[in-house]
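K.L.:
I have a structure I would like to understand better, so I am pasting it below and will then ask my questions one at a time.
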Amino acid sequence: MLGRALPSRNERGEIIQWIGTYTDIHEHKLAQQRIAQAQQQLHRNNEQLVRANVDLDNFIYTASHDLKQPINNIEGLLQALLTELPAGVGSSPEVEPLLSMMQTSVDRFKRTIEYLTEVTKLQKEHEPQPAFVQLAPVVEEVLLDLGPLLQAADARLDVEVANCPSIPFSEKNLRSVVYNLLSNAVKYRSPERPLHIRVQYRAEGGYLVLTVQDNGLGFPMASSHKLFGMFQRFHGHVDGSGIGLYMVKRILDNAGGRIEVDSTVGEGSTFSVWFPY
């Protein structure tokens, strides 16, 4: 019970009576206890998540660091093997494909280690005051880098970001986001039709939304929740690590943004990136 009282005085300032209330606050106190217990549980859960994230960071760093030397040793042994083979054996139809596959496997292993290192850096990256960056020049630079691949794919591009306002975002992270989305559009193009990529932007609800649409292979939306996981891939015939979209999502999560996708098998995909601004 909660008791409150105030004195009532006469014209001489003397107390003549007390006026008060008694209020049943039993349910209120129980609610406060439940809130306090929930907050304690939330605090414990947060501590567990922090420890899990630290353990994950340490594992990724240790794995990427400790694997570098063995794979470098393997590559060195492969090169030594090439020098020891008799002349002409390395280029023979029986041996050359095997050596090529071995070198390709080594290269893919090294790329995966590099990606793991990048993930570790990304986990610890914080930019409280990002600079404003123009989207159009970043898209243009990425398209130049992808020029040979786009040309080989006979791609048609519709890029409509010239009038996009500046975004408060890390320039290198923005480039990583754009590069991953555009390179994936090239990688997962359909062999049944020429590649068509459309890049647009719009402002919506305090966000600037960048969309990258393609007419590629697409994927089932029932599995879309797996798309942004580490080492997740839906098309095994295309070379890749399955870590690019994971990094994109982490970049956007760290910046208070998000990424969404809409896809239809055999028709293509549309990725929507939401930048707060």
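K.L.:
Looking only at the range 144-160, how many residues end up being open to solvent by less than 100 Å² (accessible area, probe 1.4 Å) and either in contact with a His (Cβ under 9 Å, 6 or more places away or on another chain) or not charged (D, E, K, R) (or both)? Outline the logic, then answer.
P.N.:
To start, the set of residues in the range 144-160 that are open to solvent by less than 100 Å² (accessible area, probe 1.4 Å) comprises 145-150, 152-153, 155, 157-160.
From what's left, either in contact with a His (Cβ under 9 Å, 6 or more places away or on another chain) or not charged (D, E, K, R) (or both): 146-150, 152-153, 155, 157-159.
Residues that pass the stated criteria total 11.
K.L.:
Does residue 27 satisfy being in contact with a helix residue (DSSP H, G or I) (Cβ under 8 Å, 6 or more places away or on another chain) and part of a helix (DSSP H, G or I)? Explain how you work it out, then say what you get.
P.N.:
Values: in contact with a helix residue (DSSP H, G or I) (Cβ under 8 Å, 6 or more places away or on another chain): no; part of a helix (DSSP H, G or I): yes.
Criteria not met by residue 27.
K.L.:
Next question. Just need a number here: residues in the range 51-91 that are open to solvent by less than 60 Å² (accessible area, probe 1.4 Å), modelled with pLDDT of 80 or more and not in a helix (DSSP H, G or I).
P.N.:
Of the residues in the range 51-91, 3 are open to solvent by less than 60 Å² (accessible area, probe 1.4 Å), modelled with pLDDT of 80 or more and not in a helix (DSSP H, G or I).
K.L.:
Another question, if that's okay. Residues that are assigned to a helix (DSSP H, G or I), closer than 28 Å to residue 107 by Cα and open to solvent by 90 Å² or more (accessible area, probe 1.4 Å): does the range 37-50 have at least one? Give the derivation first.
P.N.:
Narrowing the range 37-50 to residues assigned to a helix (DSSP H, G or I): 37-50.
Going one step further and asking which of them are closer than 28 Å to residue 107 by Cα, we end up with none.
Checking the range 37-50: not a single residue is assigned to a helix (DSSP H, G or I), closer than 28 Å to residue 107 by Cα and open to solvent by 90 Å² or more (accessible area, probe 1.4 Å).
K.L.:
Taking the criterion of being modelled with pLDDT of 90 or more, among the acidic types (Asp, Glu) and open to solvent by 100 Å² or more (accessible area, probe 1.4 Å), would at least one residue in the range 92-105 satisfy it?
P.N.:
Residues of the range 92-105 that are modelled with pLDDT of 90 or more, as a first pass: none.
Looking for residues that are modelled with pLDDT of 90 or more, among the acidic types (Asp, Glu) and open to solvent by 100 Å² or more (accessible area, probe 1.4 Å), one finds none in the range 92-105, hence no.
K.L.:
For residue 164, which of the numbered conditions (1) in contact with a Leu (Cβ under 7 Å, 6 or more places away or on another chain); (2) under 29 Å from residue 266 (Cα atoms) fails to hold?
P.N.:
(2)
K.L.:
Taking interchain pairs and intrachain pairs at least six residues apart, which have beta carbon atoms under 7 angstrom, with the first residue in the range 135-149 and assigned to a helix (DSSP H, G or I) and the second loosely packed, with under 13 Cβ neighbours inside 10 Å and at pLDDT 90 or above?
P.N.:
136/162
K.L.:
Search the range 174-210 for residues being open to solvent by less than 20 Å² (accessible area, probe 1.4 Å) and not hydrophobic (A, V, I, L, M, F, W, C), and hand back the single one that is nearest to residue 265 (Cα to Cα).
P.N.:
Taking the range 174-210 and keeping what is open to solvent by less than 20 Å² (accessible area, probe 1.4 Å), we get 174, 177-178, 181-183, 185-186, 190, 195, 197, 199, 208-210.
From what is left, the residues that are not hydrophobic (A, V, I, L, M, F, W, C) are 183, 190.
Numbers: 183: 19, 190: 10 Å.
Across the range 174-210, the extreme among qualifying residues is 190.
K.L.:
Would you mind telling me which numbered condition in (1) farther than 14 Å from residue 154 by Cα; (2) touching a strand residue (DSSP E or B) at 6+ places or on another chain (Cβ under 7 Å) residue 185 fails?
P.N.:
Status for residue 185: all satisfied but (1).
K.L.:
To continue, here is another question. For residue 163, only one of the following conditions fails: (1) open to solvent by less than 90 Å² (accessible area, probe 1.4 Å); (2) at pLDDT 90 or above; (3) out of contact with any helix residue (DSSP H, G or I) (no Cβ under 7 Å at 6 or more places or on another chain). What is its number?
P.N.:
All conditions pass for residue 163, except number (1).
K.L.:
With respect to residue 168, determine if the residue is exposed (fewer than 12 other Cβ atoms within 10 Å of the Cβ) and either of a type in the set (Asp, Glu) or farther than 19 Å from residue 144 by Cβ (or both). Before you say what the answer is, go through the steps one by one.
P.N.:
Working: exposed (fewer than 12 other Cβ atoms within 10 Å of the Cβ): no; either of a type in the set (Asp, Glu) or farther than 19 Å from residue 144 by Cβ (or both): yes.
No, not satisfied.
The values are calculated or read from the model by the stated rules, or taken from the named source; none is laboratory data. Bear in mind that the values here come from a model prediction, so they are computed numbers and not experimental data. Neighbour counts run over all protein chains shown; Cβ positions are idealised from the backbone, glycine included. For the accessible areas, the whole protein counts, side chains as well, though only heavy atoms, and no ligand, DNA or RNA atoms are used. Shrake-Rupley method; radii C 1.70, N 1.55, O 1.52, S 1.80 Å.
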